[in-house]
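Report on one structure; see the data block that follows.
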Amino acid sequence: MNKILAYVGVYGPLLNLIIYILVEVFNILNDEISLIYFIMSLLLQIISPIMNHVLKVLIKQSRPKGAKDIDKYEKRLDKGSFGMPSGHAQMHSSIITLAYYSNFPFYIICIMVLFLIISLFQRFTFKKHTISQLLVGVIVGFILTHGYWYFILKPIQINFKNKKLKDKNLLNLEEGSPLPST
């Protein structure tokens, strides 16, 4: 595997996180999302690795034998850790799901999915994970983000949009009138 693609595979979740942050900062500057929504979405990127670590400790499934490392950092990161579920797959899936729910442009989601595919391929070919560990990582990332979106982020986003409409007086509501549901 090409060395550049290998690095993209290992550091792909970080690349997707950077893309996510840049797009959301642009959205904040254009008053399309609130700062609290952005902060809470970043909190998910702290919760996801913690959840991944807890699942790895509970499941205790080993990584495949004969793993190859691309640098000292990766070797240190993976040393002695379990393989189920894949943290790379989970982080990618989480960020992509969040980007989708946040209505990112299609081409940006496609770039993020490309990084996911490269990471999945790299993690499998370098014997860091089995296919089932990668698949479970993708599923856990999606489920975690879906729940987080539905119960935490979506209400924040709806509240922000309703507040913006009321503040701009676009609805011509009288004081105390309920906002329409979206």
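The values are calculated or read from the model by the stated rules, or taken from the named source; none is laboratory data. Values in this document were obtained by computation on a predicted structure and should not be read as measured data. So basically every Cβ, Gly included, is an ideal-geometry build from the backbone, and we count neighbours across all protein chains shown. The protein model used for the area step is the full one, side chains on, heavy atoms only, and it has no ligands, DNA or RNA in it. Shrake-Rupley method; radii C 1.70, N 1.55, O 1.52, S 1.80 Å.
Karplus-based coupling profile of region 4-11, in residue order and whole Hz: 5, 5, 4, 5, 4, x, 6, 9, with θ = phi - 60° in 6.51 cos²θ - 1.76 cosθ + 1.60 and x standing for Gly or Pro. Taking θ as phi - 60° and the Karplus parameters 6.51, -1.76 and 1.60, the scalar couplings of region 126-131 work out to 8, 6, 8, 8, 7, 4 Hz in sequence order, x denoting glycine and proline. Between 0 and 90 degrees, the angle of helix 87-101 with respect to the longest Cα principal axis of the chain falls at about 20 degrees.
Apolar share of the accessible surface for the chain: 70 percent from carbon plus sulfur atoms, 1.4 Å probe. A crude spin-label estimate for the pair Cys110 and Leu14, with each label 7 Å from Cα along the Cβ direction, gives 2.7 nm.
In the chain, the DSSP-assigned H stretches of four residues or longer account for a calculated mean residue ellipticity at 222 nm of -23500 deg cm²/dmol, using -39500 (n - 2.57) per stretch and the full residue count as denominator.
Amide H to amide H, with H built 1.01 Å from N, Gln61 comes under 5 Å of Gly83, Met84, counting only residues 5 or more places away or on other chains. Pairs spanning more than 27 Å between alpha-carbon atoms, out of Lys72/Lys127; Lys3/Lys79; Lys3/Lys128; Lys127/Lys154; Lys75/Lys154: Lys127/Lys154; Lys75/Lys154.
At 1.4 Å probe radius, can you tell me the per residue accessible area of the chain in Å²?
I get 59 Å² per residue for this part.
Residue-wise HN-Hα couplings along region 140-145, as the Karplus relation 6.51 cos²θ - 1.76 cosθ + 1.60 with θ = phi - 60° gives them from phi, are 4, x, 5, 4, 4, 5 Hz; Gly and Pro carry x.
Cβ-Cβ distance of Ile28 and Phe151, R₀ of 22 Å, FRET efficiency by 1/(1 + (r/R0)^6): the value works out to about 0.50. Computing percent of Cα pairs over 22 Å apart for the structure here picks out one of [x] 50; [y] 46; [z] 39, namely [x].
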